Amino acid sequence: MTVPAILKNLRLPVIGSPLFIISGPDLVIAQCKAGIVGSFPALNARPQAMLDEWLHRITEELSAHNRANPDRPAAPFAVNQIVHKSNDRLESDLETCAKWQVPIVITSLGAREDLNTAVHGWGGITLHDVIDDRFARKAIEKGADGLIAVAAGAGGHAGRLSPFAIVQEIRQWFDGPLALSGSIATGDAVLAAQAMGADFGYMGSPFIATTEANADQAYKDGIVAGKASDIIYSNLFTGVHGNYLRASIQAAGMDPDNLPEGDLKTMDFGGGNGSKPKAWKDIWGSGQGIGAVTEVESVADRVDRLEREYRAARVRLSL
């Protein structure tokens, strides 16, 4: 399997997934310093001009870290771009990413050849998230460098397929970089993803319960207290199926077991200057893997834990 140079030599084969509202410079910088890819949705930076400030800070702080730690440089960072037609900020956000030569762009909800070409033009790579083999083929045909297989159990917008199914189908024809998302919350799960054929584990929910995450304390506590049975799969909130914490749906006055159907026509990722996060910001996205998260801790401590688990799993399997 072929992995671009920028994704080699990570401390752990982990990409921290972009988290709506929660991922910001504090979280991304901590993830990268800890040796895993950190990422954030461009739309988290509101208004649009703030994206330039965030990228300035991330770039400068990681460069300073690398100068001070030449033997243990930071991992690269990524920016997530929502390619859906309702995202009226996409072109402006891409221009800002080009200014700072963002090393990795993660694209979601649409694949565009011109976007991939633009990222390649400044020396970056693109990873596209997909929920099945059909979308994976379209993404690669349009020039994406790698794929993120979003399987059942992933937080936020999630697919329905078993991770075994989606990875084996993609690996029948694609030998480029492949990350797997879906209930990956431990070092053991990261190794399992590699055993299946993926190059990286794509991990989000465990990083909500970190000190650097821009999440309410109640949200962090909900991740710690939650189990897989507390996750509700619904398309009500964005028009696309995703996984959410039961308690947050109840707190919003709704019955988690009797939610109405959403509508793709209502999907709206507009993010113009001065816009605020959507009305569903208090509905908490979460994957099914949160049973492994038992406390709120720093990113550094969480990655240390993941590394211990990963190495122990390798020893246990004599790898």
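The values are calculated or read from the model by the stated rules, or taken from the named source; none is laboratory data. This structure is a prediction, so every number in the text was calculated from the model and none was measured. Glycine gets a Cβ as well: all are built from the backbone with ideal geometry, and neighbour counts include every protein chain shown.
Can you give me the number of residues within the stretch 162-184 that are touching a residue at least 24 places away in the same chain (Cβ under 8 Å), surrounded by fewer than 24 Cβ atoms within 10 Å (Cβ to Cβ) and more than 22 Å from Asp145 (Cβ to Cβ)?
So the answer is 1.
His84 is checked against (1) of a type outside the set (A, V, I, L, M, F, W, C); (2) surrounded by fewer than 22 Cβ atoms within 10 Å (Cβ to Cβ); (3) more than 18 Å from the chain's Cα centre (by Cα) and fails just one. What number does that condition carry?
(3)
Can you pull out the residues in the stretch 105-128 that are at pLDDT 95 or above and part of a strand (DSSP E or B)?
Val105, Ile106, Thr107, Ile125, Thr126, Leu127, His128
Taking the stretch 8-28 as the search range and keeping residues that are touching a helix residue (DSSP H, G or I) at 6+ places or on another chain (Cβ under 7 Å) and without any contact (Cβ under 8 Å) to a residue 60 or more places away in the chain, which one is nearest to Ser298 (Cα to Cα)?
Filtering first and then ranking leaves Val28.
Within the stretch 245-255, how many residues turn out to be in contact (Cβ under 8 Å) with a residue 24 or more places away in the chain and either over 22 Å from Ala152 (Cα atoms) or touching a Leu at 6+ places or on another chain (Cβ under 9 Å) (or both)?
Matching residues across the stretch 245-255 total 3.
Evaluate the following for Lys276: is it among the charged types (D, E, K, R), over 18 Å from the mean Cα position of the chain (by Cα) and either at pLDDT below 95 or not in a loop (DSSP other than H, G, I, E, B) (or both)?
Answer is yes for this residue.
Could you check the stretch 48-73 and list, in sequence order, the residues that are aliphatic (A, V, I, L, M) and either in contact (Cβ under 8 Å) with a residue 60 or more places away in the chain or over 21 Å from Ile22 (Cα atoms) (or both)?
Going residue by residue through the stretch 48-73, those that are aliphatic (A, V, I, L, M) are 49-51, 55, 58, 62, 64, 68.
Selection gives Ala49, Ala64, Ala68.
Tell me, which residue of the stretch 13-45 that is under 21 Å from Ala198 (Cβ atoms) and out of contact with any strand residue (DSSP E or B) (no Cβ under 8 Å at 6 or more places or on another chain) is surrounded by the fewest Cβ atoms within 10 Å (Cβ to Cβ)?
Gly35
Scan the stretch 122-134 and tell me whether some residue there is surrounded by 21 or more Cβ atoms within 10 Å (Cβ to Cβ) and among the acidic types (Asp, Glu).
Yes, the stretch 122-134 contains at least one residue that is surrounded by 21 or more Cβ atoms within 10 Å (Cβ to Cβ) and among the acidic types (Asp, Glu).
Out of (1) under 23 Å from Val28 (Cβ atoms); (2) at pLDDT 95 or above; (3) exposed (fewer than 14 other Cβ atoms within 10 Å of the Cβ), the odd one out for Thr294 is which?
Just one mismatch for Thr294, condition (1).
Within the group Val150, Val105, which residue is of a type in the set (Val, Ile, Thr), under 23 Å from Ser286 (Cβ atoms), within 15 Å of the chain's Cα centre (by Cα) and crowded, with 23+ Cβ neighbours inside 10 Å?
When all the criteria are applied, what remains is Val150.
Please determine whether any residue of the stretch 223-236 is surrounded by 16 or more Cβ atoms within 10 Å (Cβ to Cβ), small (Gly, Ala, Ser), closer than 24 Å to Asn44 by Cα and at pLDDT below 95.
Yes, because at least one residue in the stretch 223-236 is surrounded by 16 or more Cβ atoms within 10 Å (Cβ to Cβ), small (Gly, Ala, Ser), closer than 24 Å to Asn44 by Cα and at pLDDT below 95.
State all residues of the stretch 216-250 that are among the aliphatic types (A, V, I, L, M) and within 27 Å of Ser86 (Cβ to Cβ); if no residue qualifies, say none.
Of the stretch 216-250, the ones among the aliphatic types (A, V, I, L, M) are 218, 223-225, 228, 231-232, 236, 240, 245, 247, 249.
Passing the criteria: Ile231, Ile232, Leu236, Val240, Leu245, Ile249.
If I filter the stretch 109-118 for residues that are touching a Ser or Thr at 6+ places or on another chain (Cβ under 8 Å), buried (at least 18 other Cβ atoms within 10 Å of the Cβ) and not acidic (Asp, Glu), do I get at least one hit?
Within the stretch 109-118, one or more residues are touching a Ser or Thr at 6+ places or on another chain (Cβ under 8 Å), buried (at least 18 other Cβ atoms within 10 Å of the Cβ) and not acidic (Asp, Glu).
Just to be sure, is Ala247 closer than 20 Å to Val28 by Cβ and either at pLDDT below 95 or part of a loop (DSSP other than H, G, I, E, B) (or both)?
No, not satisfied.
Report, by residue number, each residue of the stretch 250-273 that is at pLDDT 85 or above and either among the charged types (D, E, K, R) or farther than 13 Å from Phe237 by Cβ (or both).
Listed by number, the residues that qualify are Gln250, Ala251, Gly253, Asp255, Asp257, Asn258, Glu261.
Taking Ile166, is it under 14 Å from Ser181 (Cα atoms) and in contact with a Lys or Arg (Cβ under 8 Å, 6 or more places away or on another chain)?
Against the criterion (under 14 Å from Ser181 (Cα atoms) and in contact with a Lys or Arg (Cβ under 8 Å, 6 or more places away or on another chain)), Ile166 does not qualify.
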